[in-house]
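One structure is given here, and the rest of the page talks about it.
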Amino acid sequence: MPAPSDNAEAPLPSNLVLIGFMGSGKSSIGRMLAAKLGFHLLDTDALVVEDAGMQITEIFQWKGEEGFRDYEARALAYLVERNAKGVVVATGGGIVTRESNLPLLHQLGFVVGLTASEEVIFERVSRNKARPLLHTPNPRETVSELLARRAPFYEAAADYAIDTSMKSHAQVADEIIAEARRRYPNPL
Ligand code: S3P
């Protein structure tokens, strides 16, 4: 009998949950995973924007980071309550900083931590100015500090971690799918 890892038909967990720092590739790899699996892609940031009726930058401006975290926690709880199946959930980079979110992430599905080197992260986040936490006099230093502060949170929360720095989106997606199939010989 083939080992579960050799069985390409083994069932996947119901959902995949992507965590990781800004610029680690959650949205792009989430899209690729959803396309490969025929899953829907949901994004906690998009749910927050819909719920708040404001853009992320405005939420930070008017309600502060804690206010944003409240919306984010509510979006996560909504996905768990909805008992979503067959979805890839791309989360906001700071979701792991609120401890009460961790059990919910695991309830939702297989939690995959995306990582990337500091240089790659900085290069990626520099292309998009819509991240309020990086609106500082020295964004490079902010990335460095935040990465160091958050690394233990990502490590603790991820069931599996993969470095996206030197890989194509398709390569990362294939590795995640293979790992999920190895770990979940039976449906959840
Ligand atoms: C944040 C990351 C952002 C967004 C918000 C806060 C963070 O999401 O949730 O700006 O605290 O790291 P991305 O990781 O998708 O950029």
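The values are calculated or read from the model by the stated rules, or taken from the named source; none is laboratory data. No experiment lies behind these values; they were computed from the predicted model shown. Neighbour counts are summed over all protein chains in view; Cβ atoms, including those assigned to glycine, are modelled from backbone coordinates with ideal geometry.
Some notes on this structure:
- Close Cβ contacts (under 6 Å, 6 or more residues apart or on different chains) running from residues in the stretch 162-181 that are hydroxyl-bearing (Ser, Thr, Tyr) to residues that are surrounded by 15 or more Cβ atoms within 10 Å (Cβ to Cβ) and assigned to a helix (DSSP H, G or I) comprise 164/172; 165/120.
- Against the list (1) in contact (Cβ under 8 Å) with a residue 60 or more places away in the chain; (2) over 17 Å from the mean Cα position of the chain (by Cα); (3) over 16 Å from residue 134 (Cα atoms), the condition residue 55 fails is (3).
- In the stretch 136-158, the residues that are within 16 Å of residue 26 (Cα to Cα) and of a type in the set (A, V, I, L, M) reach residues that are at pLDDT 95 or above and in a helix (DSSP H, G or I) with C-beta atoms within less than 8 angstrom, at least six apart or across chains, in these pairs: 147/118; 147/121; 157/96; 157/102; 157/105.
- Index of the failed condition, residue 84 passing every other in (1) in contact with a Lys or Arg (Cβ under 7 Å, 6 or more places away or on another chain); (2) small (Gly, Ala, Ser); (3) at pLDDT below 95: (1)
- For first residues located in the stretch 68-83 and among the charged types (D, E, K, R), partners that are surrounded by 22 or more Cβ atoms within 10 Å (Cβ to Cβ) and assigned to a loop (DSSP other than H, G, I, E, B) and lie 6+ apart or on another chain with Cβ distances below 6 Å form the pairs 72/92.
- Exclusive hit being away from the ligand (no atom under 13 Å from the Cβ), more than 15 Å from residue 173 (Cα to Cα) and crowded, with 17+ Cβ neighbours inside 10 Å, set 109, 53: 109
- Filter result for the condition that a residue is surrounded by 17 or more Cβ atoms within 10 Å (Cβ to Cβ) and assigned to a helix (DSSP H, G or I), over 76, 42: 76
- Check on residue 29, in contact with a His (Cβ under 7 Å, 6 or more places away or on another chain), in contact (Cβ under 8 Å) with a residue 24 or more places away in the chain and closer than 26 Å to residue 139 by Cβ: yes
- Screening the candidates 90, 84, 173 for the property of being more than 15 Å from the ligand (Cβ to nearest atom), within 19 Å of residue 31 (Cβ to Cβ), in contact with a helix residue (DSSP H, G or I) (Cβ under 6 Å, 6 or more places away or on another chain) and not polar (S, T, N, Q) yields one hit, 173.
- Counted residues, the stretch 79-91 - those being part of a strand (DSSP E or B) and either in contact with a His (Cβ under 6 Å, 6 or more places away or on another chain) or among the polar types (S, T, N, Q) (or both): 1
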